[in-house]
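Chemist: I'd like to ask some things about the structure below.
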């Protein structure tokens, strides 16, 4: 299995090199290997077996990666949970995946006391620390399962807004890692500051650089000053973030006084890079930039644009293409008839290869909807140029990307319409200087708007949605514009 082989190889090749760092501790590759083997035995002793699903609810920390790799040794699947989700959202994911256990930080577990699992273990508690220390060495650990063994269920959201579990196997992690590293050309001494969470597809970037023997610095939530300090303290060569995070870092008071000279590359993705931000960052940081275009259903990052193809410092780019597909993966642009479009013609970007998901967990219908003749539909509109570079021209339908996190208007609309004082609702994304986009809600009140009030609706939204999904404001309108088929005509709202 890929994750097991990765840890075994790095223990052999780089035993004394630091593998992971967080705000509490660091581990070498030798220590990481020993701990994951011990954890696998300890979890087996608690009854975790091959095929079991285990949810993980935590901020980014060393124990999260240890848990992922330990479960991989058992042939169990890790199910990362977004820690900002509401209890109802978390319970829904745990129930749909049939998780046998949840491992998480004490404070986060306390928010979800009624999860339908038989076992809960606090990652920051004594029970987890002791796991494996006294485990019998003859407890079953399965290091030699085939690479098509499912490894994880990574959650994303469908256009309905309801979370879907993307099932990926070890072969997917391997294909993306080897293809990516063949293009990125890793060098010794890499230190990656990971500003992105380990609970969705962006985690594959960290796994990929771990495969190259890099040290990965984990951040328990993004704070500009903490990220800047991590670069200086650990002499980071790479940093992985979304453009809005980069903006916040450059705006931080200490940015000018922090030593960032060790940086070789800024990896950015999940949202477009504004031209002005790129120009400022390239001049101030003096390092290379690498764009990351990926999708959880496709295995994570499958397209990249390297530093040599970015505009030179001082140049203001008109547009920065997403880049070329990595070796081992294939991309094509399909028109409305599902025929391959000519270079320069806009269509839907579709992907095929060993990195793509096995399917949505227990959802054959949704899997079929996103698949066409073995190709995964990304939902993104774009085109290929004559040099094989992908250019994205629009995001899928009404998707809102707030600071790198996907927000689906239909989910917010459904929650709004569940309020007895609302007769109809529509949500669009509006530009925001700090977060790229934020949701704006339009509501038709069942009675008089003043009787319902914006404050009441914001309170209602807070009960049902994670903070990043909530609109900042609600505007009352007389009616939601709809076409004859009953679909919301959102272009009228945007205008």
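The values are calculated or read from the model by the stated rules, or taken from the named source; none is laboratory data. Since the model is a prediction, treat every value here as computed from it, not as a measurement. Note that we place each Cβ from the backbone using ideal geometry, even for glycine, and neighbour counts take in every protein chain shown.
Chemist: How many residues are assigned to a strand (DSSP E or B), in contact (Cβ under 8 Å) with a residue 40 or more places away in the chain and more than 17 Å from residue 201 (Cβ to Cβ) when one looks only at the stretch 363-406?
Modeler: So the answer is 7.
Chemist: Also: For the stretch 456-465, check the following and say yes or no: at least one residue is at pLDDT 90 or above, in a strand (DSSP E or B) and not assigned by TED's automatic domain parsing to the domain that holds residue 250.
Modeler: Taking the stretch 456-465 as the starting set, the residues that turn out to be at pLDDT 90 or above are 456-465.
Restricting the remaining residues to those that are in a strand (DSSP E or B) gives none.
No, the stretch 456-465 contains no residue that is at pLDDT 90 or above, in a strand (DSSP E or B) and not assigned by TED's automatic domain parsing to the domain that holds residue 250.
Chemist: Let me ask you something else. From the list 43, 59, 115, which residue is assigned by TED's automatic domain parsing to the domain that holds residue 296 and assigned to a helix (DSSP H, G or I)? If you could, list the steps in order and put the result at the bottom.
Modeler: Numbers: 59 fails: assigned to a helix (DSSP H, G or I); 115 fails: assigned to a helix (DSSP H, G or I).
From the options 43, 59, 115, the qualifying one is 43.
Chemist: Let me ask something else about it. For the stretch 298-356, which strands (runs of 3 or more DSSP E) that fit wholly inside it have 2 or more residues that are free of Cβ contacts under 8 Å to residues at least 60 places away in the same chain?
Modeler: Working: elements: 300-305, 330-334, 347-352.
Fully inside the stretch 298-356 and qualifying: 330-334, 347-352.
Chemist: Return the only residue of 446, 418 being out of contact with any strand residue (DSSP E or B) (no Cβ under 7 Å at 6 or more places or on another chain) and loosely packed, with under 15 Cβ neighbours inside 10 Å.
Modeler: Numbers: 446 fails: out of contact with any strand residue (DSSP E or B) (no Cβ under 7 Å at 6 or more places or on another chain).
Matching residue, one of 446, 418: 418.
Chemist: Follow-up question, since we're still on this one. Test of understanding: among 436, 404, which residue is under 22 Å from residue 268 (Cα atoms), touching a strand residue (DSSP E or B) at 6+ places or on another chain (Cβ under 7 Å) and crowded, with 21+ Cβ neighbours inside 10 Å? Give the steps one after another, and end with the answer.
Modeler: Numbers: 404 fails: touching a strand residue (DSSP E or B) at 6+ places or on another chain (Cβ under 7 Å).
Of the residues listed, the single one that is under 22 Å from residue 268 (Cα atoms), touching a strand residue (DSSP E or B) at 6+ places or on another chain (Cβ under 7 Å) and crowded, with 21+ Cβ neighbours inside 10 Å is 436.
Chemist: With respect to residue 260, is the statement that it is surrounded by fewer than 20 Cβ atoms within 10 Å (Cβ to Cβ) and part of a helix (DSSP H, G or I) true?
Modeler: Values: surrounded by fewer than 20 Cβ atoms within 10 Å (Cβ to Cβ): yes; part of a helix (DSSP H, G or I): no.
No: the conditions fail for residue 260.
Chemist: Something else about it: Please find, among 255, 271, the residue that is within 20 Å of the chain's Cα centre (by Cα) and assigned to a loop (DSSP other than H, G, I, E, B).
Modeler: Working: 255 fails: within 20 Å of the chain's Cα centre (by Cα).
The unique qualifying residue is 271.
Chemist: How about the stretch 285-297: which of its residues are assigned to a strand (DSSP E or B) and surrounded by fewer than 21 Cβ atoms within 10 Å (Cβ to Cβ)? Even if it seems obvious, please write down each step before you answer.
Modeler: Of all residues in the stretch 285-297, those assigned to a strand (DSSP E or B) come to 288-295.
The answer is 288, and nothing else.
Chemist: Does at least one position in the stretch 274-284 carry a residue that is surrounded by 19 or more Cβ atoms within 10 Å (Cβ to Cβ), touching a residue at least 40 places away in the same chain (Cβ under 8 Å) and assigned by TED's automatic domain parsing to the domain that holds residue 231?
Modeler: Narrowing the stretch 274-284 to residues surrounded by 19 or more Cβ atoms within 10 Å (Cβ to Cβ): 278, 281-282.
From the residues that got through so far, the ones that are touching a residue at least 40 places away in the same chain (Cβ under 8 Å) too are 278.
Next, from what is left, pick out any that are assigned by TED's automatic domain parsing to the domain that holds residue 231: 278.
Yes: one or more hits.
Chemist: Also, I was wondering about something else. Among (1) surrounded by 20 or more Cβ atoms within 10 Å (Cβ to Cβ); (2) in contact with a strand residue (DSSP E or B) (Cβ under 8 Å, 6 or more places away or on another chain); (3) modelled with pLDDT of 95 or more, where does residue 183 come up short?
Modeler: Failing condition for residue 183: (1).
Chemist: Continuing with this model, one more query. I need a count of the residues in the stretch 224-250 that are closer than 24 Å to residue 300 by Cα and either surrounded by fewer than 19 Cβ atoms within 10 Å (Cβ to Cβ) or more than 21 Å from the chain's Cα centre (by Cα) (or both). Walk me through it before giving the result.
Modeler: Taking the stretch 224-250 first, the residues closer than 24 Å to residue 300 by Cα are 227, 236-247.
Next cut, either surrounded by fewer than 19 Cβ atoms within 10 Å (Cβ to Cβ) or more than 21 Å from the chain's Cα centre (by Cα) (or both) only: 236-237.
Total meeting the criteria: 2.
Chemist: Residue check: is residue 199 on the phi < 0 side of the Ramachandran plot, touching a strand residue (DSSP E or B) at 6+ places or on another chain (Cβ under 9 Å) and part of a loop (DSSP other than H, G, I, E, B)?
Modeler: Here the answer is yes, as residue 199 does meet what is asked.
Chemist: Just to be sure, is residue 357 under 27 Å from residue 267 (Cβ atoms), buried (at least 22 other Cβ atoms within 10 Å of the Cβ) and in contact with a strand residue (DSSP E or B) (Cβ under 7 Å, 6 or more places away or on another chain)?
Modeler: When the stated conditions are applied, residue 357 passes them.
Chemist: I'd like to verify a number: residues in the stretch 175-217 that are out of contact with any helix residue (DSSP H, G or I) (no Cβ under 7 Å at 6 or more places or on another chain) and over 18 Å from residue 241 (Cβ atoms), how many?
Modeler: 10
Chemist: On the given criteria, is residue 27 touching a residue at least 12 places away in the same chain (Cβ under 8 Å), in the same structural domain as residue 124 (by TED's automatic domain parsing) and buried (at least 22 other Cβ atoms within 10 Å of the Cβ)? Before you say what the answer is, go through the steps one by one.
Modeler: Values: touching a residue at least 12 places away in the same chain (Cβ under 8 Å): yes; in the same structural domain as residue 124 (by TED's automatic domain parsing): yes; buried (at least 22 other Cβ atoms within 10 Å of the Cβ): no.
No, not satisfied.
Chemist: Does residue 67 satisfy the condition of being modelled with pLDDT of 95 or more, in a helix (DSSP H, G or I) and surrounded by 23 or more Cβ atoms within 10 Å (Cβ to Cβ)? Before the answer, list the steps.
Modeler: Numbers: modelled with pLDDT of 95 or more: yes; in a helix (DSSP H, G or I): yes; surrounded by 23 or more Cβ atoms within 10 Å (Cβ to Cβ): yes.
Yes: the conditions hold for residue 67.
Chemist: Ok, one more. I want to confirm something. Restricting to the stretch 82-110 and keeping residues that are outside any helix (DSSP H, G or I) and modelled with pLDDT of 95 or more, which single residue is farthest from residue 153 (Cα to Cα)? Working first, answer last.
Modeler: So in the stretch 82-110, the residues outside any helix (DSSP H, G or I) come out as 82-86, 98-105.
Next cut, modelled with pLDDT of 95 or more only: 98-105.
Values: 98: 11, 99: 11, 100: 14, 101: 14, 102: 14, 103: 15, 104: 16, 105: 20 Å.
Among those that are outside any helix (DSSP H, G or I) and modelled with pLDDT of 95 or more, it is 105.
Chemist: Within the stretch 308-354, restricting attention to residues that are over 30 Å from residue 148 (Cα atoms) and under 23 Å from the mean Cα position of the chain (by Cα), which residue is surrounded by the most Cβ atoms within 10 Å (Cβ to Cβ)?
Modeler: 321
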